[in-house]
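A.B. asks: Before I ask anything, let me first share the structure, which is written out below as structure tokens.
The values are calculated or read from the model by the stated rules, or taken from the named source; none is laboratory data. This is a predicted model, so every value here is computed, not measured. Note that we place each Cβ from the backbone using ideal geometry, even for glycine, and neighbour counts take in every protein chain shown.
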Ligand code: FES
Ligand SMILES: [Fe+2]
């Protein structure tokens, strides 16, 4: 598969979320990852099977088939696939005749974490990053839909690592109160798996924002950190003076070089009194602002250090791009 992202073996060795676990119900799901069309289904053992969306028999799209008793049935001639994609039935052959050895699907690595289905097309190079709050009973997790953004995953990560766009792109949500000046960025490990920086911002805090911050003043101070985990995972943490902590995992998955899935996961140590829907309404509105901006930009983000003009506010993105190039170079 051609393309800077789609052609990279290193990127094929990373884990990417492609759907929410709850979406993988009684029907097969069609997703595209790094230019490859995949079918997902849940087999009888409860595990997710992910394979090329092409039947080995006559290349029918398996995602157009049905799942029966935990087996995926091809819509064309009914060949049937079970646990680990093994072909368990060829209806045109006599019962007892084993399917041809090459009839079995070649499954990709698939797992579920944080309410999401993650796929790795190659040999996994690094684990899915850890969010420690997942196992902390004081926190609840809130998942959001997987959306399609008409932009490159590289532009999304660049945007998520950048705070200088807040007073411009996020005027209608939280950005209006923020100083346009970005204080000196001190970049470093935030913990074992995340590299980034810490900062403080003033955020607008009205209407739905007040539901998210748990405070009613017009403007609130947020202590934040933003960091990356290669290739395209971004974690943003927000802590308010009240001790309320709001963690965002921002996940960009390349469908192809210039189209991506976007989903984010929230962890919060609140008292659970505000509904999950109300909590994420603010974050969804913020995401919509980024999406609207990014869909105006063309192509993949130039990754080298000379094509784009950068300033100190772009330090984190510059470091992420440097490490991404390194990763892609193997
Ligand atoms: S193409 Fe799938 S069973 Fe024939
Ligand atoms: Fe943004």
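A.B. asks: Taking into account only those residues within the range 34-52 that are in a loop (DSSP other than H, G, I, E, B) and surrounded by fewer than 22 Cβ atoms within 10 Å (Cβ to Cβ), which is nearest to ligand 1 (Cβ to nearest atom)?
C.D. replies: It comes out as 43.
A.B. asks: Considering the range 253-279 alone, what residues qualify as being within 16 Å of residue 143 (Cβ to Cβ), touching a helix residue (DSSP H, G or I) at 6+ places or on another chain (Cβ under 8 Å) and within 16 Å of ligand 2 (Cβ to nearest atom)?
C.D. replies: Of everything in the range 253-279, those that are within 16 Å of residue 143 (Cβ to Cβ), touching a helix residue (DSSP H, G or I) at 6+ places or on another chain (Cβ under 8 Å) and within 16 Å of ligand 2 (Cβ to nearest atom) turn out to be 262, 264, 266.
A.B. asks: Right, something else. Scan 22, 67, 31 and give me the residue that is under 18 Å from residue 116 (Cβ atoms), part of a strand (DSSP E or B) and under 27 Å from the mean Cα position of the chain (by Cα).
C.D. replies: So the residue among 22, 67, 31 that is under 18 Å from residue 116 (Cβ atoms), part of a strand (DSSP E or B) and under 27 Å from the mean Cα position of the chain (by Cα) is 31.
A.B. asks: Residue check: is residue 76 modelled with pLDDT of 95 or more, within 13 Å of ligand 1 (Cβ to nearest atom) and buried (at least 20 other Cβ atoms within 10 Å of the Cβ)?
C.D. replies: no
A.B. asks: Conditions: (1) away from ligand 1 (no atom under 16 Å from the Cβ); (2) surrounded by 15 or more Cβ atoms within 10 Å (Cβ to Cβ); (3) over 27 Å from residue 324 (Cβ atoms). Residue 57 meets all but one. Number of the miss?
C.D. replies: Single failed check for residue 57: (1).
A.B. asks: Another question, if that's okay. Could you pull out every one of the strands (runs of 3 or more DSSP E) wholly within the range 120-230 that has 3 or more residues that are touching a helix residue (DSSP H, G or I) at 6+ places or on another chain (Cβ under 8 Å)?
C.D. replies: Where strands (runs of 3 or more DSSP E) fall fully within the range 120-230 and carry at least 3 residues being touching a helix residue (DSSP H, G or I) at 6+ places or on another chain (Cβ under 8 Å), they are 140-143, 195-204, 219-229.
A.B. asks: Additional query: Can you name every residue in the range 79-119 that is buried (at least 17 other Cβ atoms within 10 Å of the Cβ) and touching a helix residue (DSSP H, G or I) at 6+ places or on another chain (Cβ under 9 Å)?
C.D. replies: Correct list: 79, 81, 87, 90, 104, 105, 107, 112, 113, 114, 116, 117.
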